[in-house]
1. Quick one: count up the residues across the stretch A:209-231 that are more than 9 Å from every other protein chain (Cβ to nearest Cβ), touching a helix residue (DSSP H, G or I) at 6+ places or on another chain (Cβ under 9 Å) and not in a helix (DSSP H, G or I).
2. Anything in the stretch A:115-127 that is more than 10 Å from every other protein chain (Cβ to nearest Cβ), without any contact (Cβ under 8 Å) to a residue 40 or more places away in the chain and more than 20 Å from the chain's Cα centre (by Cα)? List them, or say none.
3. Quick one: which of B:45, B:107 is modelled with pLDDT of 85 or more and either over 27 Å from the mean Cα position of the chain (by Cα) or within 26 Å of residue B:174 (Cα to Cα) (or both)?
4. Determine, yes or no, whether residue A:186 is crowded, with 20+ Cβ neighbours inside 10 Å and under 30 Å from residue A:35 (Cα atoms).
5. Which of the numbered conditions does residue B:70 fail, given that it passes all the others? Conditions: (1) within 14 Å of chain A (Cβ to nearest Cβ); (2) loosely packed, with under 15 Cβ neighbours inside 10 Å.
């Protein structure tokens with residue numbers, strides 16, 4: 001490891017550790033009541049003590065709603081982008097709408113979806129599908145047009161079919177855009193599932209736990225749940241970054 | 001023999017406008033919507049249609065005018081919007097103008113504070129190398145946390161110290177929108193090329209002068225792009241901020257009440273109101289962008 005890579009990891013680590021220590025010292029030193037801000041040590045103790053509950057919530061929210069919804073939404077967005085690519089009229093009609101929808105407060109659809117799909121995880125997964133569809137559509141359409149005219153002409157001179165051009169040239173060229181959308185969607189998916197749980201849920205799930213524990217002023221539990229969400233979100237994101245580097249190793253931004 | 005032009009100049013094909021395709025897609029969505037309302041409302045309207053004697057006219061009349069539909073027909077939402085915007089006094093609790101204003105005010109406060117914080121952080125990060133290395137990764141990591149999930153806690157905790165209403169919601173909006181501004185501005189402030197920076201150095205310009213005369217003007221296009229993203233998520237933050245505590249005013253509260261009492265049309269109307277607000281805010285930032293860039297001499 002070179003010196004710059006060591007500092008790349010060391011600086012943020014020291015900074016983060018410093019914030020945690022400062023937090024602990026301030027809370028304990030000034031005797032901040034636990035209903036305002038629990039100390040990191042208390043949160044850690046609560047996290048360890050309530051692992052079973054956190055595990056059940058994790059299964060309900062992440063495994064049942066976030067991951068399937070993220071997958072279905074991203075896939076549907078990608079397929080819609082392929083369709084837009086084949087039918088230019090559809091692209092010109094759908095893309096401005098997609099850009100508009102991306103700016104709208106889509107989380108507001110949550111109460112409607114809860115009404116349609118019931119209180120349990122299907123409505124949360126549906127929320128995630130709705131939230132992840134449009135970022136993928138917009139990014140994938142842009143990505144499919146990213147390959148240069150020169151390369152496309154070369155493919156045509158080889159007599160390549162639309163499918164061959166797609167698989168061998170345009171999809172690889174679109175990968176940075178697609179991964180960008182997948183990364184945006186990983187964050188949106190967590191938000192969508194948790195916010196949808198505020199509108200009604202069986203008595204399990206991360207959003208449910210957060211809103212009820214806030215009502216009971218059990219803030220250490222809320223922070224423990226947030227820690228789980230943060231670790232999950234970061235791991236999800238990190239995995240996508242790892243995959244992106246493996247798939248788009250040719251991209252200029254990864255050259256040494 | 002007249003000299004033929006050596007190179008046949010191909011007329012540059014103008015990109016055809018999008019108005020017609022967008023209109024067609026919108027029309028298709030409306031048609032699908034009207035059609036979908038029939039089977040989706042069947043649970044509620046089925047018995048009524050049978051009691052009314054069946055037939056196509058009954059089917060359509062009941063499916064598209066049900067008071068508590070599963071999926072309201074578009075004209076029902078339009079009528080609800082008209083009713084709650086124009087026919088009631090704007091300060092009454094039944095008015096969407098009132099709820100929209102409550103949400104809009106905390107959105108705007110949060111947006112202004114968040115943008116200022118974002119710009120300040122970006123300036124600090126560009127000038128202090130230690131911050132770029134230590135703070136930047138955490139700012140990026142903070143976005144992988146579902147921040148909206150913390151919204152209820154922020155509101156309850158601030159409420160217990162005595163802050164209620166506008167302030168907690170604006171804080172959530174602020175927290176959400178500082179991030180795109182920081183990222184965009186760091187990119188923008190570092191966008192001047194080495195040659196330009198070197199020129200400033202040969203002029204013996206101070207860091208302050210470099211910031212105001214070179215870095216800041218260069219970052220303006222980046223700033224506006226991030227501001228458009230920021231204003232949209234500031235609105236989302238304000239709406240979500242109204243959800244968890246049973247707030248009595250605002251678009252989010254309207255959504256929550258609608259879902260408690262099964263008032264589907266009310267939910268949809270609130271949703272459309274929120275969407276109009278978002279579109280209007282993004283459009284306004286776009287107008288400000290065009291005006292500013294033109295004043296700065298950017299050719300379109």
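The values are calculated or read from the model by the stated rules, or taken from the named source; none is laboratory data. Note that the structure is predicted; figures quoted are calculated from it, not measured. We place every Cβ from the backbone using ideal geometry, glycine too, and count neighbours over all the protein chains shown.
1. 1
2. First, the residues of the stretch A:115-127 that are more than 10 Å from every other protein chain (Cβ to nearest Cβ): A:117-127.
Narrowing further to those that are without any contact (Cβ under 8 Å) to a residue 40 or more places away in the chain: A:117-118, A:122.
Within the stretch A:115-127, A:117, A:118 meet the criteria.
3. Values: B:45 fails: modelled with pLDDT of 85 or more.
Answer to the selection: B:107.
4. no
5. So residue B:70 meets the others, but not (2).
Conditions tested, residue by residue: (1) touching a helix residue (DSSP H, G or I) at 6+ places or on another chain (Cβ under 9 Å); (2) more than 30 Å from residue B:215 (Cα to Cα).
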site: B:82; (1), (2): no, yes
site: B:99; (1), (2): yes, yes
site: B:104; (1), (2): yes, yes
site: B:136; (1), (2): yes, no
site: B:148; (1), (2): yes, yes
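Each row is one residue, and each column tells you yes or no for (1) under 15 Å from the mean Cα position of the chain (by Cα); (2) within 30 Å of residue B:220 (Cβ to Cβ).
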residue	(1), (2)
B:243	no, no
B:250	no, no
B:254	no, no
B:257	no, no
B:263	no, no
B:271	yes, no
B:275	yes, yes
B:292	no, yes
B:296	no, yes
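Matching residues to (1) in a helix (DSSP H, G or I); (2) within 17 Å of the chain's Cα centre (by Cα); (3) more than 9 Å from every other protein chain (Cβ to nearest Cβ):
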| position | (1), (2), (3) |
| --- | --- |
| A:95 | yes, no, no |
| A:100 | yes, no, no |
| A:107 | yes, yes, no |
| A:113 | yes, no, yes |
| A:130 | yes, yes, yes |
| A:135 | yes, yes, yes |
| A:138 | yes, yes, yes |
